[in-house]
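The values are calculated or read from the model by the stated rules, or taken from the named source; none is laboratory data. Note that this is a predicted model, so its numbers are computed, not measured. Backbone-built Cβ (ideal geometry, glycine too); neighbour counts: all protein chains shown.
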Ligand code: SF4
Ligand code: SF4
């Protein structure tokens with residue numbers, strides 16, 4: 001199938017490529033951290049491209065996700081695609097589900113024409129928090145959306161997480177980003193919707209469709225000039241990266257093997273093994289939500305859920 005990638009229905013999103021896809025593979029890089037849904041976004045896109053008749057190559061790394069490693073997926077599609085990986089400087093679109101991960105992968109974007117689509121949510125890794133006092137500064141990336149917009153002309157950074165949470169399901173943030181992505185690729189909108197509906201839980205289809213609409217509308221409303229002037233509502237949603245908040249650790253007793261690792265490594269000493277030799281949060285008031293226990297538990301018995 002032959003088609004041109006263009007700005008679809010959006011007045012704002014820039015063309016990914018003016019050449020016919022059939023001749024030049026299109027490269028979309030999707031990045032984030034474990035548990036965010038990078039692979040789901042990647043699979044939606046790859047399935048859609050395949051359905052449109054393109055050869056698709058997809059590669060992904062997610063093995064270390066639970067231990068705080070990044071997750072990324074390369075999707076390449078066109079008439080003929082030989083390699084599954086995108087070389088540095090060759091991504092037409094970079095979709096970041098987490099702000100710092102997006103910044104880390106910016107060198108992969110095409111210097112002049114690459115499009116950066118990002119969620120402004122910050123998931124600060126535990127080891128960026130060297131000062132363990134409440135409210136202390138951390139080593140997370142300091143660049144703001146305005147800083148990146150000055151470097152990249154096609155920067156679309158939205159607070160997808162909050163918008164999705166307001167719709168009723170924070171996980172629909174990924175679909176909002178897919179809505180933004182859809183404005184850069186000339187695939188029929190109805191087919192995006194069909195594919196997304198197959199990948200999300202049936203009960204969440206309505207919310208995901210609303211999130212998809214919000215993503216498309218966000219790009220329509222986006223006003224880089226307002227952003228340059230420091231107006232917070234340039235894209236109708238907050239512009240600055242903001243830290244994701246977590247709730248206190250939850251311990252799944254049945255999975256705890258009493259190894260004591262979390263107890264020993266908790267910097268605040270707020271965990272103990274109880275009389276049944278199961279980990280317990282005994283001093284919640286001292287917990288800094290650093291997530292080290294979650295990262296280190298070999299049995300996935302501890303989790304800190306997002307607070308939206
Ligand atoms: S209980 Fe876990 S999240 Fe809380 S301070 Fe200790 S290691 Fe960090
Ligand atoms: S690290 Fe995990 S398995 Fe080990 S004591 Fe803590 S909760 Fe239990």
(request) Kindly establish whether residue 83 is assigned by TED's automatic domain parsing to the domain that holds residue 40, free of Cβ contacts under 8 Å to residues at least 60 places away in the same chain and within 17 Å of the chain's Cα centre (by Cα). (result) no
(request) Only residues that are under 14 Å from residue 299 (Cα atoms) and within 13 Å of ligand 1 (Cβ to nearest atom): list them for segment 245-259, please. (result) 250, 251
(request) Pick out the one residue from 203, 198 that is surrounded by fewer than 24 Cβ atoms within 10 Å (Cβ to Cβ), free of Cβ contacts under 8 Å to residues at least 40 places away in the same chain and assigned by TED's automatic domain parsing to the domain that holds residue 100. (result) 203
(message) Yes or no: segment 244-266 includes at least one residue that is modelled with pLDDT of 90 or more, part of a loop (DSSP other than H, G, I, E, B), on the phi > 0 side of the Ramachandran plot and surrounded by fewer than 17 Cβ atoms within 10 Å (Cβ to Cβ).
(response) yes
(message) Every residue in segment 273-308 that is near ligand 1 (Cβ under 7 Å from one of its atoms) and in a loop (DSSP other than H, G, I, E, B), please.
(response) 287, 288, 289, 290, 291, 304
(request) Report the residue count in segment 292-304 for those that are in contact with a strand residue (DSSP E or B) (Cβ under 7 Å, 6 or more places away or on another chain) and either outside the structural domain of residue 253 (by TED's automatic domain parsing) or more than 7 Å from ligand 2 (Cβ to nearest atom) (or both). (result) 3
(request) For residue 159, indicate whether it is modelled with pLDDT under 95 and surrounded by fewer than 19 Cβ atoms within 10 Å (Cβ to Cβ). (result) no
(request) Give segment 170-188 a look and list any residue that's at pLDDT 95 or above and over 19 Å from the mean Cα position of the chain (by Cα), or say none. (result) none
(message) With the requirement that a residue be out of contact with any strand residue (DSSP E or B) (no Cβ under 8 Å at 6 or more places or on another chain) and either near ligand 1 (Cβ under 9 Å from one of its atoms) or assigned by TED's automatic domain parsing to the domain that holds residue 162 (or both), what does segment 260-272 give you?
(response) 265, 266, 267, 268, 269
(request) Return only the number of the condition from (1) modelled with pLDDT under 75; (2) surrounded by fewer than 21 Cβ atoms within 10 Å (Cβ to Cβ) that residue 16 does not satisfy. (result) (2)
